[in-house]
Structures are given as structure tokens and as C-alpha cells.
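Read the structure below first, then the notes.
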Amino acid sequence: MLSDVIKKYGGEKMDPLDVYKDIFRIGEGFIQKEYEDSGSFKANPIAYYKNENEDHGHFRIMFEDKFEEIYQNELVNADFCVMNGLTYFGAKYTSDRASKMCAMIFDIDGVTDKSLNNFFYAAFNKEFDYYPLPNYVALSGHGIHLYYVFEEPVPLFPNLKLQLKEFKYSLTEKMWNKNTSVDEKVQKQGINQPFRILGGKCKKNAPLDRVEVYRVNQHPVNIEYLNRFVPTKIEIDEKKLFKESKLTLDQAKEKYPEWYENKVVKGIRSYWTVKRDLYDWWIQQIKKEENGASYGHRYFCIMTLVIYGIKCGLSKDEIQHDAIDLIPFLNGLNKEEPFTEEDIKSALECYDERYNTFPLKDIEKLTDIRIEKNKRNGRKQDVHIKYMNNQRAFKVEMGECTNGGRPDKQKIVQKWRLKNPEGTKYQCVKDTGLSKNTVKKWWEENKNVKKSSQNEIPRGHFIPQNIIKTRSDSDTVNVMIQLPKSTLEKINNMSLDELETVMEVQEDENIIGYAYYRMMWLKNNKK
């Protein structure tokens, strides 16, 4: 029996309520009580149940002070009842309302005594370390559910929800294989998937009457631990997870009254919309033979179609219609694994305006489609500079850092060489903290940095291969440039902030060099 295999590896049968108390930290004030002030931004697990004699089911908010009562009186004896390891705002467990992931749950069907033993052997063997070790294992009747409880609940911001879905898909493929299941068809489920409640009724004709749960590991998991079991490109960087505000709604109202008035009182959302061309372009991009949709990324290509549809202000129905039209093409990528309308329905879960700002780099990662960047989004340079300065002014007003973000490694080496024209690679490694290989890679890109010269900047329509001289402290920096007079005049009339913006967004090394000269000249003359 499966229960005997679990006990063989130290599994201890648990009271289902104790497991839920562990997952949702009941008694610690983590989830909301029934009449608790909503300003604390707490969320709750959501259960759904239906009895055979009823025409429709019921969603139940699992409040902290009512959890046990609702479980005992309504859920445990229902003919069908499900719940997952997430908390939600509101009364339904839809993806757009998901708040935090307290536990990631996996369903593996076709499990036998032998295959479960294979799984535990590989999970418990530290040298083998092939499967992540779950905290709880539930016997659902025809399979097992693996519960991984997080030491700190994971906040489900829009882009992270989608990363976690791919993350879970990859882990499912890892754990569901010929050694762990006799069912060859792997069923991948999103993070929003509910499961039969622990202690609740199993399906009819199942080997068990009720879902049993066993604890096999008392140590909660984290993203870093689970990263060990997925490909590098799927890993989630915990350091880059958004940090939640600790302000209550009343505190936010006092500190940011304009935001409160627009967002909370009026419900105004300030999102950019773009021309439909972007949406239509993505449909054509999906269909391309080269750098188009590929098997294993079909779902995320449709998900991106939804995101671009939101960016273009399209309705959910129109996007769904276009997505369904793509099914024959997507099926052609792998006829043995058809892409279905259920997959379309799942992708449409991200029809949420907050995805309007979904990062381009994440789209590339999820779809495996390379997207050529237009750094100025179609704007001319002078217009883009004004736009960037307005953005900078807004950040200053909000108290945010305005240094333009972390420069890329090429620029770090370039700026160091400009300040240290006679410096060595070793000194650059020591000063910048970059690796030797990185410095070596970009060192030759900056070989236009010359020794000091006393030549002045000549006047005229062009500056053909002449030396620009400026001083920064005791160092003299020289750059070879060639620019038209009109460009020189524009740069000469720019402020320090505008010059810094040019250096961030400009790719022409001549313009960067002259902008740097002007920036240093202004700083030196201020002194």
C-alpha cells in the first residue's frame, strides 16, 4: 500500500486541520479574520464545494477565526470540495485575485508502491538529490498530491505569477516520469489549480474513502531550494522579487493622498495603450518559421498575445477569438501534443490590466522569441530626451533614485577607462569588482581612449578625428569623435540631467563621448 511506503520513509499521518494551520499560519494573524479591517491588505484561502443534490457549488472564504468551523460543518463532508495553497483577495479563486503562494502543490497520477518508493529514494538521497523533498504527501485516491510549504509565502505579483507557472510546469516534468508513474501522459497544472481538500471525500470507486495526508519533511522550502531542480533559464531570482509595502491603507492615504484619491476612491488606472499594430505584429511573429513559436513555448506565446491585447486596449473576447484561430498552427508544432481551447482559457487568466507593464525581457524568456529592441519606442531623440527627463523629474518627486539604474558592464568598463586612461586591466578589475573575463571582453571596445593631449576642440561643421580634452580631478580624458555642427549645438545647450540621459539612451559612441566631455566641463566649471 502507498501508505506503507510513506511510513517506510518516516511519514507521519497528520490531522488535515493541522496541515492547513501550518500552510496558512493560522493563529499568527497571517490571513484575515471575518470582520477584520480590510486596510491591512490581508488575503484568505478560498474553498469551493458542491453536493450531488445541488444545482451549483459554493465558494467559501476561509477566515482565520472561522477556518475550523467552516471546514468541519461545510467542507469535509461535501461530495466534492477543493482548495489550493494560495490566498486571494475577494471571494473567488481567480488568478487575477491571487495574493500569496503559501504552498506549491503537485498532482501525480498512476502512482504505484514501486514508483512511490522510487520517488522517495531519489528525494531522500542527498547525494542523488534528484527530486525536491515535499513537506506533505496526500493520498487522493488515484494518485498523490505533493505539498511544498514555503518558509515565507511568495507574493504573487503579475510577472511572477507567470514565471511561477512555467517554474511549476518544469518541476512537474521533472517529478512525473516513467520511474514515478505508470501514467505516461504528464498533466501540468498552473499555480491556481485547486485540489481535493485534505480529509475530504475521494472520487467514487477510489481505493480510499477520504484523502489522507502524511508529513515527511518538517523543514519548509524556499525558491532557492526548488531552483536546484529546474533548468537555469527557468530559475527564479529571489533577490529580484518585489518587496511589499508595509503601509496600511490609512497610512498610504495620509502619505500619498493623490494616489489614494485616484486609485482607491475613483478607481482610476493610469496605463498606457498603444496602436493595434503591436498586437497584429505578435500574431505574425508567432507564425514565423524562424524565431517564431516553438513547441514547449506555445502557451506563453498565447499568454503574450493576451498581454499585447491588453496593451492595445482590446477586449477579452476578441483576443480569445484570435487565439483560437491560432490553434491549427500551434498544433502543427507537435501533432502528438495538441494545443487545445483549454490551454487558451488558461492563458486568458492573465487578462488583467496590471500585465500592461509586463517586462519585455520576461516575454523573451517565456516565449523563447528574440525581440529587437527599440530603445526610444519610436520617438525621435529630442522627444525621447524630454520624455526621459520628465520620468526623472517624476522619480525625484516620488523620492526614488534617479541614477538611471545599474549601468551595463560595457559602460562600467568604458567609464572607468575614460577616467583612468593609463590604467591597467588589473586595476579595473580591482576598482569595479567585475570579473577578469568581463573586463578583458570590453577592454578592447574602449581602445579609442588615448593619452593626454593639449589640443583644443576646433570649430566648424565637423570635427574630423580630432581630440576632445577635458579634466576630471587630475585625469585627462581624450576621445576621438566626428559629429555635425547641429548635433554639437544641441549637446552644448543641454543641462547636466539631459546629458546624463543622452549617455543612458544613446548608442553612438561619438555622441556619448562629446556628451561626456560637456558633462565634465559643466561639472568642472560649476566648481
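Just so it is clear, none of the values below were taken in a lab; they were calculated from the coordinates. Remember, predicted model here, so these are calculated numbers, not experimental data. Because the Cβ atoms are built from the backbone with ideal geometry, glycine has one as well, and the counts that use them run over all protein chains shown.
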Query raised in the report: Roughly speaking, what is the stretch gain from Lys411 to Glu34, that is 0.36 nm per residue apart minus the C-alpha to C-alpha distance, in nm to one decimal?
Result: 130.3 nm
Report task. Note down the net charge around Gln285, summing +1 for each Lys or Arg and -1 for each Asp or Glu among other residues with Cβ under 14 Å from its Cβ. Result -> -4
Report summary line: Env charge @ Met303, Cβ radius under 11 Å, K,R +1 / D,E -1, value -1
Query raised in the report: Rounded to two decimals, what is Rg over Rh for the range 82-154 when you use alpha-carbon atoms and the Kirkwood radius?
Result: 1.06
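What is the sum of charges around Ile324, taking Lys and Arg as +1, Asp and Glu as -1, for the other residues whose C-beta is under 14 Å from the C-beta of Ile324?
On the way: positive: Arg298, Lys316, Lys345; negative: Asp317, Glu318, Asp322, Asp325, Glu341, Glu342, Asp343.
Around Ile324, the surrounding residues sum to -4.
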Query raised in the report: Given H placed 1.01 Å from N in the peptide plane, which residues other than close sequence neighbours of Gly313 have an amide H under 5 Å from its amide H?
Result: Val274
Requested in this report: Can you tell me how much longer the chain between Lys288 and Ala122 gets when fully stretched, taken as 0.36 nm per residue apart minus their C-alpha distance, in nm with one decimal?
Outcome: 55.6 nm
Report summary line: Expressed in angstrom and rounded, the centroid-to-centroid distance over alpha carbons for the range 1-77 and the range 286-329 is 36
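Quick one: if the Förster radius is 30 Å, what FRET efficiency do Thr357 and Asn177 give, using the C-beta to C-beta distance and rounding to 0.05?
Numbers: r = 37 Å, r/R0 = 1.25.
Once rounded, the FRET efficiency stands at 0.20.
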**Report entry** Ranked packing of 152-159, 6-13, 125-132, most packed first, by mean Cβ within 10 Å
**Finding:** 152-159, 6-13, 125-132
Report summary line: Share (percent) of C-alpha pair distances in the range 95-252 greater than 23 Å works out to 40
